[in-house]
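The values are calculated or read from the model by the stated rules, or taken from the named source; none is laboratory data. Every value quoted in this text rests on a predicted model; they were computed, and no experiment measured them. Every residue, glycine among them, receives a Cβ derived from its backbone with ideal geometry; neighbour counts consider all protein chains shown.
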Amino acid sequence: MSGFLKVQGLTAGYGKVPVLHGINFEVAQGEILGVLGHNGMGKTTLLKSLMGIVPATSGQIVFDGEDLTGLRSSARARFGVGYVPQGRGIFPNLSVLDNLRMGVAAHELDEMDAVESVLNNFPRLERLLERDGGALSGGEQQLLALARCLISDPDLILLDEPTEGIQPSIIDEIIELLQTLNQRTGITIVLVEQSLDFITALSDRVLLIQKGAITGEISGSEASNPALIEEFTGFGGSGGMAQPLSAPISAGVPGQSKSESASQSAAAQAPTETPTHAAAPAASLTERMSYMTVQRPTLSQMKDVVAELGMSMSDARVQEFLDVMQGTLDAYDVVDALPDYLPPVLYPRTSGYRPTPEENPMNAWYVKTEIRGAPRGPLQGRTVALKDNVCLAGVPMMNGASTLKGYTPDLDATVATRLLDAGATIAGKAHCEYFCLSGGSHTNATGPVHNPHKHGHSAGGSSSGSGALVGAGEVDMAIGGDQGGSIRMPASFCGCYGMKPTHGLVPYSGIMPIENTIDHTGPMTQNVMDNALMLEVIAGADGLDPRQYDVKTDRYTAAVGRGVSGLRIGVIKEGYEQPGAEADVNDKVRAAAETLRGLGATVDEISVPWHLHGVAIWTPIALEGLTQQMMLGNGMGTGWEGLYTTSLLEHHSNWRTRADELSDTLKISMLIGQYHLKHTRGRYYAKAQNLSRQLRDEFNKVFASYDLLLTPTTAMKAPPIPPSDSSLELWCQRAFEMITNTAPFDVTGHPAMSVPCGMSDGLPVGLQIIGRRYDESTIYRAASAFEQAGDWRNM
């Protein structure tokens, strides 16, 4: 083979963490080379290294006889290398025509001649020339990105997952276009993909990449045989993982996988690099490109803003405001040019893999990996699963949602770092419900999570995978999240110990929020001691979370084994009077209270009438709050100081183009929330926040006389998972029917723990123990005393 492109010994990575490990290959002139690999295997990093966006740490890249290894991306573009990034990299606020003109700028071509020429190959774009790039469909944006790359007539183009999010008709159009150009002009193409059908339809050869290394090659007629490649690699048409890969290599991190091009500026943290091939050789163009990184509003856009704000202005007046605001907008260029200020990623890791159905019978895992923490620490030897709304750098995260699939965080949540610092091994990401909006386990975009004790029954939500994995004994402990009961409900259904700590005790930094005032995260474990130990590790202020305003920590493990003698416990009568309450559940919880009485506690039945108002007060806070912060505010919202996960914000904001994919439980929550935000102007959210203080005070009055309060965690045992074709009424009922005893304490912020207290009909029953704010230790006293009284499975 005559090597038009020669890559020898190429290594590259991010900071101190390597991603590519000695890549070697050659590409002949006019050849189409495909590189096939799963998420996180280094495909995008390979193309970024070839383009000069990610610098090589060793090795050589030779193109058409020229050594490109030390050259910047703009110089490589002038040598005839074009690049179409994943996520397309177009300017959304520029028109299609101006996007095309940007592709001409650095190549000393006549603009109109170049545009006219490229439109001959992209007739679909001709009618769209005046439309903003951001208003195009995903397929049209991909065609625009290709056209902008090809307008400068490159000799080699690098394509990063061009089929991602594209409708089949345009995929076929892209295949036909690239084949025609290759045959007519002899252009050389290197493309990376997960789509087996696309890569085999186009490629003369296919290289297989795993964990940053080329592991095989299929050429000739075999390269166009999808069945043969699938048999050899385990790839399916969807690109899913069919089998675990070989032993992990220390690799991986921010920017390595599917999301890296969709959030390039945040992941690369390098404003001097521009991911388009048309970067400028001259200072004037460099300044222009820098200027375009924060696009100025057009007259049309500003007129839309004026109308959205309920104002009326003439075009001349709008233009006058535009002229005056230019100096203020310069500040955005300064902010854009500065690297983001994010916590460092401290521990090496691989991005992991999607387990097979045989390895994942409950569908509890999203990604399995193995990230080893410090060599010593209190959690040495413990395995941990993270709920999949917890950021783990370099490991894919979807938070149960199809619209977030493909996102890979660029930072570790505080709880993840603290677990690793304590010596834990993170075993992977546990599935959760679609953006955490379900107390059942049937809304995850990949399918339901099954109860470890009875397949086909709910594992509870939204921390469904965490509860199932701990309840099944697959991991020692897990991180859950709780806004309406989402730690305690799966703990109740799956038979494990789940603590929702006092609001703010455990930092929520680096975890996808729902609503700041009800966001909680905490431990789920197989026993009480591990729960107390895990809370000791993760509790305490981190300086990054606005939820943490008066944090008080304790040595929780010291409370385990102290017994309940002298404790006064109130059993809340209203906790047994919830809709759907099952008699066997109430009986098991009453029996647990009697066990605590027998162990030396004083136990009284009491009435707290305001407990029955708890869910009603929670409802406007949760529904209007999640609509405003998690959805319209792109997960972060505004108005608070701390750690904003900007890459997550950017990726999540794309939900608006795919809103029909949102789960029905999220849709009904948003419909109610948006209606009230618009038509009652947030009045009921505000009033509910006021009433939450009264609800807290009502419980605090009771805590003046009692150390702990008891209720059933859930009024019922785990119900059957609703069928996929069930009515909307049943679908939503199975998502929210179990929150009645848990949601009130998300509003008040009191700590509450679910403790397994018996089995009935083959399913666990949960006892909820509630304590004073920051008095988790007293809860652990009662929980451990009950645990030591006998095996709950036989109660």
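Checking every residue in segment 416-435 against the condition of being in a strand (DSSP E or B) and on the phi > 0 side of the Ramachandran plot gives at least one match.
Being hydrophobic (A, V, I, L, M, F, W, C) and in a loop (DSSP other than H, G, I, E, B) is the filter; apply it to segment 14-66 and report the residue that is surrounded by the most Cβ atoms within 10 Å (Cβ to Cβ).
Met41
Residues of segment 436-454 being part of a loop (DSSP other than H, G, I, E, B) and in contact with a Pro (Cβ under 8 Å, 6 or more places away or on another chain), which ones?
Initial filter on segment 436-454 (part of a loop (DSSP other than H, G, I, E, B)): 437-449, 451-454.
Result: Gly440, Ser441, His442, His453.
Taking segment 595-681 as the region of interest, the helices (runs of 4 or more DSSP H) fully inside it that hold 2 or more residues being of a type in the set (A, V, I, L, M) and more than 19 Å from Val747 (Cβ to Cβ) are 646-652, 664-679.
Looking across segment 575-585, the residues that are surrounded by fewer than 19 Cβ atoms within 10 Å (Cβ to Cβ) and part of a helix (DSSP H, G or I) come down to Ala583, Asp584. Scoring Leu567 on the criteria (1) over 31 Å from the mean Cα position of the chain (by Cα); (2) under 28 Å from Thr383 (Cβ atoms); (3) surrounded by 20 or more Cβ atoms within 10 Å (Cβ to Cβ); (4) not polar (S, T, N, Q) leaves a single failure, condition (2).
Kindly indicate whether Val306 is surrounded by 15 or more Cβ atoms within 10 Å (Cβ to Cβ), part of a helix (DSSP H, G or I) and β-branched (Val, Ile, Thr). When the stated conditions are applied, Val306 passes them.
The set of residues from segment 638-659 being surrounded by 14 or more Cβ atoms within 10 Å (Cβ to Cβ) and acidic (Asp, Glu) comprises just one member, Glu650. Would you check if Asn634 is surrounded by fewer than 22 Cβ atoms within 10 Å (Cβ to Cβ), without any contact (Cβ under 8 Å) to a residue 60 or more places away in the chain and in the same structural domain as Ser438 (by TED's automatic domain parsing)? Taking the combined requirement at face value, the residue satisfies it. The residues in segment 660-693 that are at positive phi and surrounded by 14 or more Cβ atoms within 10 Å (Cβ to Cβ) can be counted, and the count is 1. Do we have Glu111 as more than 33 Å from the chain's Cα centre (by Cα), at pLDDT 90 or above, surrounded by fewer than 21 Cβ atoms within 10 Å (Cβ to Cβ) and not aliphatic (A, V, I, L, M) here? In short, no.
Results for (1) within 30 Å of Pro448 (Cα to Cα); (2) crowded, with 17+ Cβ neighbours inside 10 Å, shown as yes or no for each residue.
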{"residue": "Leu695", "(1), (2)": "no, yes"}
{"residue": "Lys717", "(1), (2)": "yes, yes"}
{"residue": "Leu730", "(1), (2)": "yes, no"}
{"residue": "Arg734", "(1), (2)": "yes, yes"}
{"residue": "Thr748", "(1), (2)": "no, yes"}
{"residue": "Gly762", "(1), (2)": "yes, no"}
{"residue": "Gly771", "(1), (2)": "no, yes"}
{"residue": "Ala789", "(1), (2)": "no, no"}
{"residue": "Asn794", "(1), (2)": "yes, no"}
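Consider segment 519-556. How many of its residues are closer than 15 Å to Ser777 by Cα and part of a strand (DSSP E or B)? Qualifying residue count for the region: 2.
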